[in-house]
Amino acid sequence: MTNSRGHHMVLTTFMLPAGYHKDSWRMDGSRADELANFDFVADLTRMAEAAKLDAVFFGDIAHANTVMRGDIKMNGFYEPMTTLAALAAVTKNIGLIGTISTSFYEPYNVARLLAGLDHMSGGRAGWNIVTSSDGFQNFGLTEAPDGPTRYRRAAEFVEVVQKLWDSWEDDAVINDRESGWYVDTSKIHTIDHVGEYFRVQGPLPGPRSPQGRPVLVQAGSSAPGVELGTSVADGIYTAQPLLQPSIEFYADFKAKAAAKGRDPELIKIIPGILPILGETQAEADELAGELARNIHMENGRKQVGADLKLDLSSLDLDEAIPAGWFSEDPSRGSRYHIYRRKSVDQGMTLRELIVDLARSTGHQWMAGTPGAVADRMIEWFEARACDGFNLNAPFNPGGFALICDKLVPELAERGYFRHEYEGTTLRENLGLPYPSSKRESALA
C-alpha cells in the first residue's frame, strides 16, 4: 500500500529514558533505578530499531538546573556523543542523532566527534544544532549572550564544521602499500577560516565520513532558528500543537529554504507528538489520568515558572496566570508563546497548565487507540503540516513499547511507514543525497 505523497513519514524518537511525560518515572515498572545505565538506553534503542524508526534523538542539558527543580525528564545523564558511540556498537541500521550546543563547544572538536561517530556507526550520525540560553555559569560566563549573538555564532560554527568535513576529498585515501603512502596529500586541504568568532586552519586528521557529512537537524521555530534551519538543516524539530499553524509554518519554512536555492523536499519538518495509547479510548484516557496523578504539583509550579520566567509562588493552582503577567515579545521564543496562548486564550488554570505541559512541553499530545492516533498523524502528513514526527514516549519502557508494537505497525500497514530499512546510512533512509565536498563541487 502507498500513500498520496509517494513516500513514507520520517519517524524518530526523542530518547528520554525517564519518560517524556514529567514524573512518569514514578510509575511501577519504570526502571527508574537504572537511569544513566547503558543497558536501559540500549534496550530502548534496540526497540526503536526493531520498529524500523529512522533515528533515536538525544537532547542535552549542560547544567543541573532542571534536576534541582525536581524535573529529571530532560536530564543530562546521557551525554549524547559518548552514549551514541556506545549504541553504535549494539545497533546496525538506526540513525544516531545527538545534540551539541554551539554555545559550549569549538567547531574543530564537533567536526571530529561527529565524523568519528559517523565512521564508527557506518554512516548513521546526525547533529542536532542548538544554541543555549542557560548553563553559561559552568563555562566561565555569568549570563547568556543575547539571541542574535548566539545564532550569529552558530551560523559561523556550522560553516566551519562543514568546511572541515569537506577538507578531505572522498578519494584521498589511496592505501598504496608499494609507494608507502596511505593518503594522497594533494586531496587533503586546509580551510584557513577566519571569521567573526573562529579562526580555524584545518584540515581534519582523518578521512571524510561515510555520509560525506553527518545529517544536520535543528530545533527551533523562532525567527533566528528558522534563518539557521532554512540555511543548513536537513531536518527540523519543531513544537507545533495545532494543525493549521503547522501547515502555515511548513509552507513558510519550505518557501524560505527554496528562496535560498535549496530543494525544500529535501528538508524534513518533524514536529513532536506524545501518544498515550490504549486498546480502547477509555483505556487510553485512564492511562492519561494515571500519568497526570503522578505529577508533583509543586515541582510543576517551579518548572512552569522557570519556563515562563515568572514567580508563580503566590498563585493558587486553580487560578489562571493573569494575562498581564505575560509578554508578547516574540524574542521570548515559540514555546513561551504556546504556553501564553494556552493560559490566556484557552483559560487554563495553573494546575491545568502544569498537567498540559507535563504531557506536551509545547508539542501536541493525544490519548487514543493506535488507529485513532495514526489517523491524526496521517491527517497532518497528508495536509503537509509535516514530513513525519518525533515520537515522545510518555513513559518507559511500557509507553515506548506501545508505540513500537502498536502505533508504528499501524502506520506501516496503511502505507505510511516502512517495513524494512531502505539503506545502511541515515541519509539513505531519509532519502537525502550524498553531498560532494564543496571543493569538488567548485571544480566540477
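The values are calculated or read from the model by the stated rules, or taken from the named source; none is laboratory data. What you see is a predicted model; the values in this text were computed from it and never measured. All Cβ positions, glycine included, derive from the backbone under ideal geometry; neighbour counts span all protein chains shown.
Remarks
Results for (1) over 30 Å from Glu382 (Cα atoms); (2) surrounded by fewer than 18 Cβ atoms within 10 Å (Cβ to Cβ), shown as yes or no for each residue.
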position	(1), (2)
Leu11	no, no
His21	no, no
Phe38	yes, yes
Arg46	no, yes
Phe57	no, no
Phe77	yes, yes
Pro80	yes, no
Tyr105	yes, yes
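- Residues in segment 309-347 that are surrounded by 12 or more Cβ atoms within 10 Å (Cβ to Cβ) and within 16 Å of Ser360 (Cβ to Cβ): Gly333, Ser334, Arg335, Tyr336, His337, Ile338, Tyr339, Arg340, Arg341, Lys342, Ser343.
- Scanning segment 147-164 turns up no residue that is assigned to a strand (DSSP E or B), more than 21 Å from the chain's Cα centre (by Cα), at pLDDT 90 or above and not acidic (Asp, Glu).
- Candidate set: segment 112-145, residues that are at pLDDT 90 or above and aliphatic (A, V, I, L, M); chosen: the one farthest from Gly206 (Cα to Cα): Val130
- Scanning segment 129-146 for residues that are assigned to a helix (DSSP H, G or I) and under 15 Å from Pro107 (Cβ atoms) turns up nothing.
- Considering each residue of segment 383-397 in turn, at least one proves to be under 26 Å from Phe40 (Cβ atoms) and either at pLDDT below 95 or of a type in the set (A, V, I, L, M) (or both).
- Residue within segment 335-342 that is under 27 Å from Ser314 (Cβ atoms) and among the hydrophobic types (A, V, I, L, M, F, W, C) present: yes
- Considering only residues in segment 414-435 that are within 10 Å of Gly95 (Cβ to Cβ) and polar (S, T, N, Q), the one that is surrounded by the fewest Cβ atoms within 10 Å (Cβ to Cβ) turns out to be Asn429.
- Set Ala282, Ala288, Ala306: member being part of a helix (DSSP H, G or I), buried (at least 17 other Cβ atoms within 10 Å of the Cβ) and among the hydrophobic types (A, V, I, L, M, F, W, C): Ala288
- For segment 168-201, residues that are under 30 Å from the mean Cα position of the chain (by Cα), closer than 29 Å to Leu430 by Cβ, assigned to a loop (DSSP other than H, G, I, E, B) and without any contact (Cβ under 8 Å) to a residue 60 or more places away in the chain total 1.
- Pairing each residue of segment 281-300 that is over 14 Å from Ile72 (Cα atoms) and at pLDDT 95 or above with any residue that is in a helix (DSSP H, G or I) and among the acidic types (Asp, Glu), provided the two are 6+ apart or on different chains, yields no C-beta distance under 9 Å.
- Screening Gly6 with (1) closer than 25 Å to Gln303 by Cβ; (2) free of Cβ contacts under 8 Å to residues at least 24 places away in the same chain gives one miss only, at (1).
- Meets criteria (closer than 30 Å to Pro330 by Cβ, in contact with a helix residue (DSSP H, G or I) (Cβ under 9 Å, 6 or more places away or on another chain) and surrounded by 15 or more Cβ atoms within 10 Å (Cβ to Cβ)) for Glu196: no
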